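The next block holds one structure in the form of structure tokens; read it before the comments.
Every number here is computed from the coordinates shown, using simple stated rules; none is lab data. In this text the structure is predicted, and so the values were computed from the model without any measurement. Every residue, glycine among them, receives a Cβ derived from its backbone with ideal geometry; neighbour counts consider all protein chains shown.
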Amino acid sequence: MLERQQIKLFTFLVGQEELLAQKTALQVAGKTQIVVRLMVEELAFYGIRNAEDVATCLNGYDQTAYPEGTPWSFTRFYVPRAFDAGYRLVNDAGLLLQAFDAAHHKASLPGSLSIPMESFARAVEIVLKESELKDAPGYCPESALWTYAVQHCGYIQSRHATGRILAQA
């Protein structure tokens, strides 16, 4: 019925690496109709991996207004005086990436840096909430605060938790 109306259905399955194992199991079991309909192509989805990714995400905090149509971005909400004086989170992209990279290496995590959005957003939230009381024209978070935020955002804990699972598989 959809085809007659020239409507194409596209499905996207988003999941962990286990989904690929499920696809293989379906192929081995001869359940190719499911694979052909729903699992044709695999595209890897990565976390935040470089300075450009970090800057893009931080710029979203600086630019996204809430409520829509107001001049209140997320950054401005937490540090309005600093924001009005020119502070933008995007300027700290290098500091945040450096903090995640240092934590990654200090914890001896395998593979290259790939920051899940949940950990990234939590780190930014910690910095914004800690900065709220220090807000003033000219304020910008010190690198120690970014380091603290990365240490407390759950990144290392989640990587250790998933690393054990992947090592056993």
Separation between Cα centres of segment 95-139 and segment 141-160, rounded to whole Å: 5 Å
Using Cα positions and a limit of under 27 Å, work out the lysines in reach of Lys106, with same-chain residues fewer than 8 apart set aside. Lys129
Calculated FRET value between Tyr46 and Glu130, using beta carbons and R₀ = 30 Å, to 0.05: 0.60
Would any residue of segment 136-165 have its amide N under 20 Å from a label point 7 Å out along Cα→Cβ of Arg81? List them or say none. 136-143, 145
For Tyr139 and Leu38 in one chain, what is 0.36 nm times their gap in residues minus the Cα-Cα distance, to one decimal in nm? 31.3 nm
